[in-house]
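Enquirer: Sharing a structure here in structure tokens format.
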Amino acid sequence: MSTPRDSFSSKFGVIAAAAGSAIGLGNIWKFPYIAGENGGGVFLLVYLIFIVLVGIPVMMAEFIIGRRAHQNVFGAFRTLSKSRRWRIVGIMGVLAAFFILSFYGTVASWTIEFLTLAVKNSFEGQSAEQIATMFNNFSSSTWKPLIYHLVFMAMTAIIVIGGIEKGIEKYTKILMPLLVVIILYLDINAVSLKGGFEGIKFLFFPDFTKLTPTLFIDALGHSFFTLSLGMGVLLTYASYFKKDTNLTNTSISVATADTIIALLAGVAIFPAVFAFNTEPTAGPGLVFITLPNIFEQMPGGYIFSILFFLLLGVAALTSSISILEVVVAYLAEEHKISRTKATIIASSAIFATGVLCTLSFGPLKNVHIFNWTIFDALDKIASNILLPLGGMFISLFVGWKLNKRIVFGELTNYAGIKIKFFNLFLFITRYLAPISIFIVFLNGIGILKF
Ligand code: PFF
């Protein structure tokens with residue numbers, strides 16, 4: 001992405017880059033833990049409905065704007081509309097990117113620690129309690145998490161400065177399928193655990209008594225987070241798409257791949273949660289305290305645990321570069337500073353905020369913002385407020401503001417493809433998506449109660 005107006009070389013390259021951004025800690029770390037906190041199956045159901053009815057159409061909307069404008073998120077709204085109001089979407093996107101990367105780095109630091117533990121074979125012979133203690137001791141300490149967090153941010157910044165995303169793309173094509181294979185192997189071992197089937201029931205059978213108002217906003221927020229929607233990441237990637245990229249099929253492929261990986265992660269984690277008597281509501285540490293228990297018991301567990309945490313780190317990196325890019329593109333293009341300088345400023349400021357997130361599991365755990373720890377507060381503000389509102393504006397922009405001929409043209413590649421769903425798409429972007437986002441949002445912040 002460092003060479004502006006480049007385009008992706010192959011169809012698979014397009015999907016790989018967008019999927020590289022979408023597939024990350026959100027699928028493997030965040031999905032299981034918020035599904036666990038929200039009752040499992042019923043959360044999954046609401047989340048899947050949001051992915052189909054809101055996520056995919058909003059992704060198509062981002063693609064339409066990005067490819068049409070051939071610009072970053074600010075430039076795109078500036079080019080496509082004279083009104084300054086739409087630039088608010090860009091401002092919200094930058095703020096969301098800033099917040100998300102701050103806490104993303106904290107979780108990435110846990111991944112690095114667990115990679116080193118895996119290499120040292122530290123899970124062997126440990127009970128479930130001992131593994132949970134390892135996680136808690138590490139995450140609540142001060143220096144080591146901060147150092148790993150710094151290492152992760154530095155790697156993200158170096159990639160963004162060096163512009164070697166192309167190289168990363170090449171590795172991603174091999175490494176992400178490998179991650180899927182490892183998770184599948186974990187799945188097989190997890191479901192054959194004694195008592196593991198309870199976990200499958202928990203994830204796939206909805207218990208409607210667990211429906212709460214916060215479930216809706218958590219599910220909506222997570223569908224945006226996991227698909228990298230609402231802050232212009234995919235809009236920016238689409239500005240590099242070629243004329244013959246099929247926007248609808250690309251959206252569906254990315255959303256499908258992303259959802260499958262989240263489900264596969266859930267199938268590995270929940271059986272282990274039940275088999276080893278962990279609480280599904282254990283919170284952000286859930287993946288880290290459950291998976292080592294399976295590695296510890298399965299054939300080849302040593303090698304697989306190393307590969308797993310390594311690839312989880314790579315998946316985090318291909319997402320974090322896309323997040324940093326939003327802030328860097330904004331600083332570089334709107335404030336006319338060099339890319340390198342912009343990257344250094346952005347990543348340093350994000351790391352400074354990230355320090356507070358990392359310490360909110362230890363020395364700062366009693367500091368609360370609206371009843372949340374600093375880590376949770378930044379997550380909730382970005383994922384449950386900024387991303388859905390950004391997505392709502394993007395949807396409204398395509399539904400109402402952008403010329404219908406352009407929308408139709410982008411979806412059909414200016415007559416290259418036939419489509420039958422245009423009116424449905426307009427209905428969703430005009431009414432269904434924005435109204436449902438708004439209702440869930442008002443409900444989530446407590447203005448509307450149901
Ligand atoms: N989608 C990424 C994940 O699931 O880990 C995180 C993310 C990337 C969120 C880019 C938002 C974003 F714009």
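Enquirer: Given the DSSP H assignment, sum -39500 (n - 2.57) over each helix run of at least 4 residues in the chain and divide by its residue total; what's the result at 222 nm in deg cm²/dmol, nearest 500?
Expert: Values: 21 runs with 310 residues, N = 450.
Taken over the chain, the calculation gives -22500 deg cm²/dmol.
Enquirer: What does the C-alpha gyration tensor say about the overall shape of segment 196-235? Classify as rounded when a/c is under 1.5, otherwise prolate if a/b is larger than b/c, or oblate.
Expert: Values: a/c = 5.31, a/b = 1.90, b/c = 2.80.
Since a/c reaches 1.5 but b/c is at least a/b, the shape of segment 196-235 is classed as oblate.
Enquirer: Using only Cα atoms, find the angle between the long axis of helix 387-396 and the longest principal axis of the chain, and express it within 0 to 90 degrees, rounded to the nearest 10.
Expert: That works out to roughly 20 degrees.
Enquirer: Ordered by residue, what ³J(HN,Hα) values in Hz, to whole numbers, does segment 90-97 give under the Karplus form 6.51 cos²θ - 1.76 cosθ + 1.60, where θ = phi - 60° and Gly and Pro are x?
Expert: x, 4, 5, x, 5, 5, 4, 4
Enquirer: Oh, and also: Might you report the magnitude of the Cβ-based charge dipole of the chain about its Cα centre, with Lys and Arg at +1 and Asp and Glu at -1, to the nearest 20 debye?
Expert: Charge dipole, the chain, about its Cα centre: 1920 debye, nearest 20.
Enquirer: Still on this structure, please answer the following. Taking every pair of distinct Cα atoms and averaging 1/r, then inverting, what Kirkwood hydrodynamic radius in Å comes out for the chain? Show your work: numbers first, answer last.
Expert: On the way: mean 1/r = 0.0455 Å⁻¹.
Kirkwood radius, the chain: 22.0 Å.
Enquirer: Give the shape of segment 156-229 as rounded, prolate or oblate, defined through the alpha-carbon gyration tensor: a ≥ b ≥ c are the square roots of its eigenvalues, a/c under 1.5 means rounded, and otherwise the shape is prolate if a/b is larger than b/c and oblate if not.
Expert: It is oblate, given that a/c is not under 1.5 and a/b is not larger than b/c.
Enquirer: Take every Cα-Cα pair in segment 3-148 and report what % of them are more than 22 Å apart. Walk me through the numbers on the way to the answer.
Expert: Numbers: 6420 of 10585 pairs.
Counting every Cα pair in segment 3-148, those more than 22 Å apart make up 61 percent.
Enquirer: Additional query: Dividing the convex hull volume of the Cα atoms of segment 75-183 by its residue count, what figure in Å³ per residue is obtained? Present the calculation step by step, with values, prior to reporting the outcome.
Expert: Numbers: hull volume 18.9 nm³, N = 109.
About 174 Å³ per residue, rounded to a whole number.
Enquirer: Now for a separate question. Quick one: net charge around G36, please, counting Lys, Arg +1 and Asp, Glu -1 for every other residue with C-beta under 12 Å from its C-beta.
Expert: Numbers: positive: K30, K210; negative: E37, D218, E279.
Surrounding charge for G36 is -1.
Enquirer: Something else about it: Averaged over every viewing direction, what's the projected area of the C-alpha convex hull for segment 402-450? Give it in nm², one decimal, please. If you can, show how the numbers build up before the last one.
Expert: Working: hull surface 17.3 nm².
For segment 402-450, averaging the hull's shadow over all directions gives 4.3 nm².
Enquirer: Give a residue-ordered list of calculated ³J(HN,Hα) values for segment 289-295 (Karplus: 6.51 cos²θ - 1.76 cosθ + 1.60, θ = phi - 60°; whole Hz; x for Gly, Pro).
Expert: Running phi through 6.51 cos²θ - 1.76 cosθ + 1.60 with θ = phi - 60° gives 8, 9, 4, x, 5, 6, 3 Hz.
Enquirer: Moving on. Using alpha carbon centroids, what distance separates segment 364-441 and segment 53-102, in Å?
Expert: 10 Å
Enquirer: If you take the alpha carbon radius of gyration of segment 312-450 and divide it by 2.2 N^0.38 Å, what ratio comes out, to two decimals?
Expert: On the way: Rg = 19.9 Å, N = 139, 2.2 N^0.38 = 14.3 Å.
My calculation over the Cα atoms of segment 312-450 gives 1.39.
Enquirer: Take the cross-link list K144/K365; K210/K380; K173/K380; K30/K210; K120/K341 and give me the ones stretching past 26 Å between alpha-carbons. Don't jump to the answer; show the numbers that get you there.
Expert: Numbers: K144/K365 17 Å; K210/K380 20 Å; K173/K380 31 Å; K30/K210 19 Å; K120/K341 38 Å.
Distance filter (> 26 Å) returns K173/K380; K120/K341.
Enquirer: Tell me, what is the Rg over Rh of segment 68-108, with Rh the Kirkwood radius over Cα pairs? Please report the intermediate quantities before stating the final value.
Expert: Numbers: Rg = 13.1 Å, Rh = 11.3 Å.
My calculation puts Rg/Rh at 1.16.
Enquirer: Subtract the Cα-Cα distance of E198 and Y171 from 0.36 nm times their separation in residues, and report this length gain in nm to one decimal.
Expert: Working: separation 27, 0.36 × 27 = 9.72 nm, distance 3.67 nm.
Between E198 and Y171, full extension yields an extra 6.1 nm.
Enquirer: Which of the GluC sites (Glu not before Pro) found in segment 70-177 are in a DSSP loop and have at most 16 neighbouring Cβ atoms, other than their own, within 10 Å? List each step's numbers first, then the result.
Expert: Values: sites: E113, E124, E129, E165, E169; in loops: E124.
Those that pass, being in a loop and sparsely packed, are E124.
Enquirer: Using each residue's phi in segment 220-230, evaluate 6.51 cos²θ - 1.76 cosθ + 1.60 at θ = phi - 60° and report the 3J(HN,Hα) Karplus result to the nearest Hz, with x for Gly and Pro.
Expert: Karplus values, whole Hz, x for Gly and Pro: 5, x, 5, 5, 6, 4, 5, 8, 6, 9, x.
Enquirer: Need one word for segment 286-338: rounded, prolate or oblate. Basis is the Cα gyration tensor (sqrt eigenvalues a ≥ b ≥ c); a/c below 1.5 gives rounded, then a/b vs b/c decides. Don't skip to the answer; put the middle values down first.
Expert: On the way: a/c = 7.78, a/b = 3.86, b/c = 2.02.
Prolate.
Enquirer: Please work out, to two decimal places, the log10 of the ratio I(q)/I(0) at q = 0.12, 0.21, 0.22 Å⁻¹ from a Debye calculation in which every Cα of segment 153-276 carries one identical scatterer.
Expert: Log10 of I(q)/I(0), two decimals: -0.68, -1.30, -1.33.
Enquirer: Another one. Please compute the net charge surrounding V181, taking Lys and Arg as +1 and Asp and Glu as -1 over other residues with Cβ under 15 Å from its Cβ.
Expert: Details: positive: K173; negative: D187.
Counting the neighbours of V181, the net charge comes to 0.
Bear in mind these aren't lab numbers, they're just calculated from the coordinates by the rules spelled out. Owing to the predicted nature of the structure, the values given are computational and were not obtained by experimental measurement. Note: ideal-geometry Cβ built from the backbone for every residue, glycine included; neighbour counts use all protein chains shown.
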